[in-house]
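Asker: Before I ask anything, let me first share the structure, which is written out below as structure tokens.
The values are calculated or read from the model by the stated rules, or taken from the named source; none is laboratory data. Since the model is a prediction, treat every value here as computed from it, not as a measurement. Because the Cβ atoms are built from the backbone with ideal geometry, glycine has one as well, and the counts that use them run over all protein chains shown.
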Amino acid sequence: MPKHKLPSFGAVYVLLIGVLLYLPIALLIIFSFNNATSLTFPLKGFTLQWYQQLGQSSELLASVRNSVLIAFGSSLVATSLGTMGAIAIVRYNLPGRGLFLAVAAMPLVIPYVILGVALLILLNQAGIPLSAPSAGLGHVIISIPYAILIISSRLVGFPNNLEEAAMDLGASYWEALLRVTIPIISPALLASFLLCFTISFDEYSIASFLVGTDTTLPVYMYSQLRFPTRLPIVIAMAAIIMTVTMLAMLISEWLRRSGQDSSRK
Amino acid sequence: MTEYAVELRNVSKTYSSSRRGKAEEVNAIRDMNLTIPPGKFFTLLGPSGCGKTTTLRMIAGFEVPTSGEVFIQGKPMTDIPPNKRPVNTVFQNYALFPHMNVERNVAFGPAVRRVPKEEQDRLAQEALALVRLREMGDRMPSQLSGGQQQRVALARALVNNPAVLLLDEPLGALDLKLRKAMQIELKHIQEQVGITFVYVTHDQEEALTMSDVIAVMDKGVIQQLGDPVTLYKNPANRFVADFIGESNFINVTVAAAQGNQAAVTLEGETASVGVIPEGQESGRGAVVTVRPEKVKLSEPEKAPRESLSATVNEVVYIGTDTRYVLSLKDGQSMVARIQNGSGADWREFARGDNVKVHWADDDARILNE
């Protein structure tokens, strides 16, 4: 097989992915500025009215606020728990480490719909009312595997004996953690936080079961699809979310890389 | 009663590792008794896996003895965690904190002791001056060379003014030239600050260069404890003779033994040995140890009566000396290192020459295995 054939396959692959991934996003953004309620070509003219109406829709804004709060809270909790889990896995020779990892990674393979129903049943049995915090709980569960993976890969990258050195110099275990470990893994903590944030912010299935009346943005948007005239507003909102999410992912990836570079020096 | 800087009493360390479900016990340290005098440069010397690093880590508190007890300045350390022990460590890979500049690295100890900020800075500057890095305080560790990082690690450990400084092969990562320079400097710094240094290395030359006292370790046991000259001149056993410097080991038969003196034979030829352990009997096999530089070579006709015949196998000229690889009559190989010279007594030998090997009685000894 001549080797020079490969780049052309690569080019086709990149083109295909580019079209499938970015064309819909581009269309979404284009239609969010289109002066018509129907999403068809040809375009009718440029308008900002959908963005203006969006700003006046109090239900929509409330759902954005709910989503941000849930995403913020759940990613904070998931990152904290993920840090503890990662330290336990990487630094200590835990008995049953394999089991622990398997349990922690379980949410990755359970469909969110099923997890949502399961949590709904559990919360009902326990008599806990459905609300933003209960949806947050669900998001913590699905975010933890990602937090553990990101943070433990950073912990593996720096030598164990930095903590020993800190303790040798008189720091207690907690001081060593606060003065040495946490600052060094902070890029990973931030990356984990941002990733967990987007996971929660985008998540529909679990939220739709658990939020009760504290509707989140994805849940609200889905409910609005029944009203064709409101569709352009939803699309404008989607365009904003797309942009913010992609920015967040870019920042988190950049942080992850810059963290790795500095540890390699 | 003198107080030792460090004392190990009947210390053993056993690691259990389970491999494929089979529990294995590894004895890293076996019933070790060791006293380290204060203010000395003390070295734990041995091949990798001999337990020297484990010993150091037990003194630092990172490992807990399976049995026995560690004392520092006469106080038992069993329940004292690493951060409460009056010792500091220079780690093999330096273990500098990558997110702090040099000065903050050095000031870490005072900072966790809640020393006021100005005092922290003053102590850090003092320690950096000691290792001649006063100008480097605001650099990051990644901007320093290996040798400079090494000095920062040393300053960071010395800033706390510990009772004992532990050094775990700190020069291992440096190139040879820098290593030699750092050896001298470490020794000077130790003399200057007067702190007890406990130094771990596998490099016997390094140990001989720097140490006041060396403990030679193998298989978790101290083989011999002594100053460099004693270890070199009077090795206690074959391991020490082999590990410190170069030695020839010649299998012979004891012909006669009396007091310190023994006559040994090899293929009908006789040689004498000046240092022997008790209980040597004629007719028994023994191993004679002699340093290559103590071996003398002569032409067969000029040799003294007590000498062994050999053939020159290899001649390597190494400047001041020439190194001869010889084979004895029965095929045993040995090495002679002869200083190059001039004058009537001195002559060169070539490959294939027949020579006679002899030595001064006191330079040859029979060792316990």
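Asker: For residues in segment B:53-85 being at the interface with chain A (Cβ under 10 Å from one of its Cβ atoms) and either in contact (Cβ under 8 Å) with a residue 24 or more places away in the chain or outside any loop (DSSP other than H, G, I, E, B) (or both), which is surrounded by the most Cβ atoms within 10 Å (Cβ to Cβ)?
Answerer: B:P82
Asker: Write out, first by first residue and then by second, each pair whose Cβ atoms fall under 6 Å of each other, whose residues are 6+ apart or on separate chains, and whose first residue, in segment B:193-204, is acidic (D, E) while the second is in a loop (DSSP other than H, G, I, E, B).
Answerer: That search, which allows pairs on different chains as well, returns nothing.
Asker: While we're on this one: Can you tell me which residue is nearest to B:Y199 (Cα to Cα) among those in segment B:86-105 that are more than 7 Å from every other protein chain (Cβ to nearest Cβ) and more than 29 Å from the chain's Cα centre (by Cα)?
Answerer: Taking the candidates together, the pick is B:N105.
Asker: Also: Return the pair list, or none, for Cβ contacts closer than 7 Å from residues in segment A:83-102 that are in contact (Cβ under 8 Å) with a residue 40 or more places away in the chain to residues that are not in a helix (DSSP H, G or I), at least 6 apart or on different chains.
Answerer: From residues that are in contact (Cβ under 8 Å) with a residue 40 or more places away in the chain, the pairs are A:R91/A:N160.
For (1) surrounded by 12 or more Cβ atoms within 10 Å (Cβ to Cβ); (2) among the aromatic types (F, W, Y), each residue gets a yes or a no:
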{"position": "A:T79", "(1), (2)": "yes, no"}
{"position": "A:G85", "(1), (2)": "yes, no"}
{"position": "A:I89", "(1), (2)": "yes, no"}
{"position": "A:Y92", "(1), (2)": "no, yes"}
{"position": "A:G96", "(1), (2)": "no, no"}
{"position": "A:L101", "(1), (2)": "yes, no"}
{"position": "A:A105", "(1), (2)": "yes, no"}
{"position": "A:Y112", "(1), (2)": "yes, yes"}
{"position": "A:L115", "(1), (2)": "yes, no"}
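Asker: Just to be sure, is B:R156 in contact with an Asp or Glu (Cβ under 9 Å, 6 or more places away or on another chain) and either part of a helix (DSSP H, G or I) or away from chain A (no Cβ under 14 Å) (or both)?
Answerer: Criteria not met by B:R156.
Asker: Considering every residue within segment B:184-194, establish whether at least one is within 25 Å of B:L158 (Cα to Cα) and within 11 Å of the chain's Cα centre (by Cα).
Answerer: Checked segment B:184-194: no residue is within 25 Å of B:L158 (Cα to Cα) and within 11 Å of the chain's Cα centre (by Cα).
Asker: In segment B:355-369, which residues are modelled with pLDDT of 90 or more and in contact with a Phe, Trp or Tyr (Cβ under 9 Å, 6 or more places away or on another chain)?
Answerer: B:V355 - this is the single residue of segment B:355-369 that is modelled with pLDDT of 90 or more and in contact with a Phe, Trp or Tyr (Cβ under 9 Å, 6 or more places away or on another chain).
Asker: Take the residues of segment B:168-184 that are crowded, with 17+ Cβ neighbours inside 10 Å and without any contact (Cβ under 8 Å) to a residue 60 or more places away in the chain: which is nearest to B:F42 (Cα to Cα)?
Answerer: Applying the filter and picking the extreme gives B:Q183.
Asker: Please specify each residue of segment B:262-310 satisfying the condition of being among the polar types (S, T, N, Q) and surrounded by 15 or more Cβ atoms within 10 Å (Cβ to Cβ).
Answerer: B:T265, B:T270, B:S272, B:Q280, B:T289, B:S298, B:S307, B:S309
Asker: Is at least one residue of segment B:110-123 closer than 27 Å to B:A181 by Cα, away from every other protein chain (no Cβ under 12 Å) and surrounded by 17 or more Cβ atoms within 10 Å (Cβ to Cβ)?
Answerer: Yes.
Asker: If the requirement is being over 17 Å from the mean Cα position of the chain (by Cα) and assigned to a helix (DSSP H, G or I), which of these qualifies: A:L137, A:L130, A:L149, A:L119?
Answerer: A:L119
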